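The values are calculated or read from the model by the stated rules, or taken from the named source; none is laboratory data. Because the structure is predicted, anything quoted here is derived from the model rather than measured. Neighbour counts run over all protein chains shown; Cβ positions are idealised from the backbone, glycine included.
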Amino acid sequence: MRRQAGRAPARAPTVWARTAAQLAGYAAERGADRAALIDAAGLTAAALADPDARVPLAAFYALIEAAVTAAADPHLGLGFAGRLQPEHFDALGFLAMSSPTLGEAFRRMLRYQQLWNEGERYTLEIRERRAHIAFTPFGPDRPAHGQMAEMFAFDALVNAGRMCGAPIRAVAVRFRHAPAADPEEKARRLGAAVQFEAPQTELVLPAEALDLPLPHANEALAAFLERQVGAIAAQLPGAASPAPALADRVRALLGERLREGADLGALAERLRMSPRTLQRRLSDEGTSLHALLDEVRRGRAASLLEADMAIGEVAYLLGYSEPSAFHRAFRRWTGETPEAFRARARDTEPR
């Protein structure tokens, strides 16, 4: 494919070197050869020696996959997440702890998510008195995505409960991936029923859980830390680029008007730009209006199906002209029909 003149190639996303070093150390405790793991991921010990350095996210994924194999532990991601403490996220972790509520801690972590991981995407939406915290990994499907999804769920559910001093009961824990082994053990560690092969990886909490107070709240300290974290984030390569924010704005607008679908002209007008500029800027970020609409629909599908609506009503609310189009899309996302997914979801509900 010919590159357009004047357009710089996309920069590969990175992750904190400290996280990779911690994972390699955890896998070594589980019996893996640390040096061999680092080499298998295409990294070096020197690259992991500076906690503030960054390494390619793709190399971090390779490190996870090598660690799972070497330690022969399909639950390695959950075990590693159980070791994580807020201070492992440096100033960002202390910012979360000093927030007044769990919801504000989540929002601040998501606001600066590029600090610990540039390529993955985490979102928080409140819909019908439920908080939907979703996770989207980077790149084509690979085994590391499942481990990262489980780490995300453990950190946002179990570790967040520890941070606020009160257990959090999930409404739903959904994973896009299939369980590698022993789904019951994964559910036991998370303390919640788990649905695998769902349209999207997401944690659904009662909205009131976001109001839980944090014992170390200190808004003066939080304001100071947020200035520090903001300054660090501004130093990341590409931090000045407005493109990532545009995709989030488009997602939000699509979520408001799902029944109308993706009207390029109307969306461009709302964003005060021409349709051609909107398409170009989304392309620069590696996405498109169609891909974002598909993502938003996929994210809403599970919760609508579990609301006991008729399939035709779900299809209408998601903006499909015919139920058959929704069926085809849902099969593409999950490999099963909406009816089969709803029946399986009921089987996993706590009794």
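Applying a threshold of 6 Å to beta carbon distances and a minimum spacing of six or more residues, or different chains, the list of pairs starting in segment 152-178 at a residue that is surrounded by fewer than 20 Cβ atoms within 10 Å (Cβ to Cβ) and ending at one that is aromatic (Phe, Trp, Tyr) reads 178/196. What do you reckon, is residue 37 out of contact with any helix residue (DSSP H, G or I) (no Cβ under 9 Å at 6 or more places or on another chain), modelled with pLDDT of 95 or more and not assigned by TED's automatic domain parsing to the domain that holds residue 117? When the stated conditions are applied, residue 37 does not pass them. Whenever a residue of segment 296-310 is farther than 20 Å from residue 262 by Cα, its partners that are of a type in the set (Phe, Trp, Tyr) and part of a helix (DSSP H, G or I), lying with C-beta atoms within less than 8 angstrom and at least six residues away or across chains, give the pairs 302/341; 305/341. Whether any residue in segment 209-223 is surrounded by 19 or more Cβ atoms within 10 Å (Cβ to Cβ), at pLDDT below 95, outside the structural domain of residue 285 (by TED's automatic domain parsing) and within 22 Å of residue 80 (Cα to Cα) is what I want to check. Within segment 209-223, none of the residues are surrounded by 19 or more Cβ atoms within 10 Å (Cβ to Cβ), at pLDDT below 95, outside the structural domain of residue 285 (by TED's automatic domain parsing) and within 22 Å of residue 80 (Cα to Cα). Of all residues in segment 41-55, those satisfying the criterion of being buried (at least 18 other Cβ atoms within 10 Å of the Cβ) and part of a helix (DSSP H, G or I) are 47, 48. Criterion applied to 77, 103 was being farther than 26 Å from residue 251 by Cα, part of a helix (DSSP H, G or I) and touching a helix residue (DSSP H, G or I) at 6+ places or on another chain (Cβ under 7 Å), and the one residue passing it is 77.
Scan segment 16-40 residue by residue and report those that are assigned to a loop (DSSP other than H, G, I, E, B) and polar (S, T, N, Q).
Result: no residue meets the conditions.
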